[in-house]
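Taken together, the values in this text are just the output of simple stated rules run on the coordinates, not laboratory data. Here the structure is a predicted model, which means the values were calculated and not measured. When we count neighbours, we look across all protein chains shown, and the Cβ atoms used for this are built from the backbone with ideal geometry, even at glycine.
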């Protein structure tokens, strides 16, 4: 199994008045991780999928546990693996750690779709499917 990891610093705009990451910002960070994974590891940048192509990868569901607070100046190591690879969808496991301490544990299900007047799920094409499979847990 291969895992994709990326470091994301906690910036001032990510924090709330208590000085910890405001939880919706974690969802933006997770989306950035998925976007980087598609571009760097799967060879399919979101620009190519969403702007230049006829497909999309909308979120079907997401669940997250915020296990410990993250503060301004922390550098979060996000790690993405694929927990399940279906015909038309996949479940990603996304974890964030800082200095060995878990900060976030999440699962995100995305669906490969056509876009346009009608949005509908389609089978994930080969060889994309093979590249995704390398990240299966």
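Details
- The label-point distance for residue 22 and residue 40, in a model that sets each label 7 Å from Cα toward Cβ, rounds to 2.7 nm.
- Peptides 7-14, 28-35 ranked from most to least packed by the mean count of surrounding Cβ atoms within 10 Å: 28-35, 7-14.
- Nearest-0.05 FRET efficiency for residue 11 and residue 65, computed from C-beta distance (R0 25 Å): 0.65
- Cα→Cβ-extended label distance, 7 Å offset, between residue 120 and residue 102, nm: 4.0
- Residue 77 paired with residue 137, simple spin-label distance in nm, labels 7 Å along Cα-to-beta-carbon: 1.8
- Counting only alpha carbon atoms, the long axis of helix 23-40 and the longest principal axis of the chain meet at about 50°.
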